[in-house]
Amino acid sequence: MISRYALPEMAELFSDRFKYETWVRVEILASEAQARLGRVPQEAVEDMRRARVPLASRVAEIEKERDHEVLSFLAAYCEDIPDSSARWVHLGMTSYDLVDTSLGFTLARATDLLTEAARRLRRVLVSKAFGHWDTAMVGRTHGVHAEPTTFGHKLGGYAFAVDRSIRRLAAAREAVAVGTVSGSVGTYALIDPAVEKYVCEALGLGVEPSPSQVVGRDRHAQLLQAVAALGACIEQIALELRLLQRTEVREVEERRSSAYQGSSAMPHKRNPTTSERLCGLARLLRGYANMSLENVALWHERDLAHQSVERVILPDSLLVGHFQATRAADLVESLTVHPDRMRAHIDQTDGLVYSSSLLAELLSEGVEREEAYRSVQAAADRTIATGDHFGESLKAGGIDPGDLRPERFLVNHDVIRNRLEQLRELED
């Protein structure tokens, strides 16, 4: 992923340096286990521990000749190990014992970072929701004014969506946090299963129960689908904030520094660029999730068709998802809200947003449904045609409108607030 959409802590996990450090760690752990079984001399393990992690540049140099990254890594690593000990490196293992076990470790760490960012987003949404629980605004369906709600209620819905994504990430982390050290075609023919158990326990990983030489790619697909689902939830938040920032609406605004410039030609522009960027990144995540499903089916015990795809989609999905979740939390946390504009839009249609509640009141008073509906509709049509306030139109039709204020129609609103308290308790 280009550095523009990568944050340092996640980028480090997918650097060549971290990858080769992890590969060295797996090789040493495997050799420690072999030494316990009496298959590798302890002196060789000590030599492996003293050896330096090979530089990515050196591995790349050797790979020009060998055209095999793992063999090139092993050659570079063994350059710093005496020949008498180097012969014991990678004993009984195949390339993907190293690659997939290390990958499981890295993906678990990366998922933890993403989950941490998602938890912050949930926390910010909950806090903002409580802060604006009584900030009345018009609810819209089909882009058209419907009836009153509150900005806090809106944000609360997004908080629950992010919470569901966090739960999906937890399940996906469990799926990808596995390794295998089972040898060619996964039969343990040349390596004791105790080695695998030792390595995976040291790395905090589970074990692939029936390896085919590689870890099942449905695991990675599950993770990328969870990341994409979080991305779609963030897109929903960002899309709503984009809509609420339109000139005709302007109920919220993104934070902008004093140096902000929204257009090269029009100095007055205040564009919702952060929200737009978050929506665009969600498209990438959906594309990566689709490609991960294409990677599940491999020829026989394994092939290599998935590798070139994974080199792109696994780092990029976690990098983009982490960046998107982090920036979404920043956006919501610093958002400027205009309650006066929200209230003005409730009143913009001269009380029409209360038609549903008035219909319900007539029905509760015993008026037949068709009669009640037509009476309220006739008053609404009169307001639209004449510009008279809906209350006056209702009176003209013989209906007492009562007090037409949003607070009157949000009497059961706190039941949702009580549910939202449960999310706040998760952080305590």
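The values are calculated or read from the model by the stated rules, or taken from the named source; none is laboratory data. Just so we're clear, the structure is a prediction, and the values are computed from it rather than from any experiment. For neighbour counting, all protein chains shown are included, and Cβ atoms are generated from backbone atoms with ideal geometry for every residue, glycine included.
A few points about this structure:
- Evaluation of Glu174 against (1) in contact (Cβ under 8 Å) with a residue 60 or more places away in the chain; (2) within 29 Å of Val199 (Cβ to Cβ); (3) not aromatic (Phe, Trp, Tyr) (one fails), failing number: (1)
- Looking across Ala76, Ala118, Ala60, one residue alone is under 27 Å from Glu9 (Cβ atoms) and in contact (Cβ under 8 Å) with a residue 40 or more places away in the chain. It is Ala118.
- Residue within segment 224-243 that is in contact with a Lys or Arg (Cβ under 7 Å, 6 or more places away or on another chain), in the same structural domain as Gly186 (by TED's automatic domain parsing) and at pLDDT below 95 present: no
- Condition check for Leu169: assigned by TED's automatic domain parsing to the domain that holds Gln222, assigned to a helix (DSSP H, G or I), within 19 Å of the chain's Cα centre (by Cα) and among the hydrophobic types (A, V, I, L, M, F, W, C): yes
- In segment 284-314, of all residues being surrounded by 13 or more Cβ atoms within 10 Å (Cβ to Cβ) and among the basic types (Lys, Arg), the one that is modelled with the highest pLDDT corresponds to Arg286.
- Residue that is among the β-branched types (Val, Ile, Thr), over 16 Å from Ala226 (Cα atoms), at pLDDT 95 or above and out of contact with any strand residue (DSSP E or B) (no Cβ under 9 Å at 6 or more places or on another chain), where the choices are Val126, Val162, Val178, Val144: Val126
- Selection of segment 135-156 for residues being surrounded by fewer than 17 Cβ atoms within 10 Å (Cβ to Cβ) and not in a strand (DSSP E or B) yields His142, Gly143.
- Helices (runs of 4 or more DSSP H) fully within segment 25-103 counting 2 or more residues that are more than 30 Å from Ile313 (Cβ to Cβ): 42-50, 83-86
- Residue check, Val99 out of contact with any strand residue (DSSP E or B) (no Cβ under 8 Å at 6 or more places or on another chain), assigned by TED's automatic domain parsing to the domain that holds Tyr198 and among the β-branched types (Val, Ile, Thr): yes
- Test: residue in segment 105-122 that is buried (at least 23 other Cβ atoms within 10 Å of the Cβ), in contact with an Asp or Glu (Cβ under 8 Å, 6 or more places away or on another chain) and assigned to a helix (DSSP H, G or I): yes
- Annotation note: of Ala228, Ala221, Ala194, the sole residue that is out of contact with any Ser or Thr (no Cβ under 7 Å at 6 or more places or on another chain), part of a helix (DSSP H, G or I), within 19 Å of Pro315 (Cβ to Cβ) and of a type in the set (A, V, I, L, M, F, W, C) is Ala228.
- Residue in segment 255-278 that is polar (S, T, N, Q), surrounded by 19 or more Cβ atoms within 10 Å (Cβ to Cβ), in contact (Cβ under 8 Å) with a residue 12 or more places away in the chain and under 30 Å from Ala175 (Cα atoms) present: no
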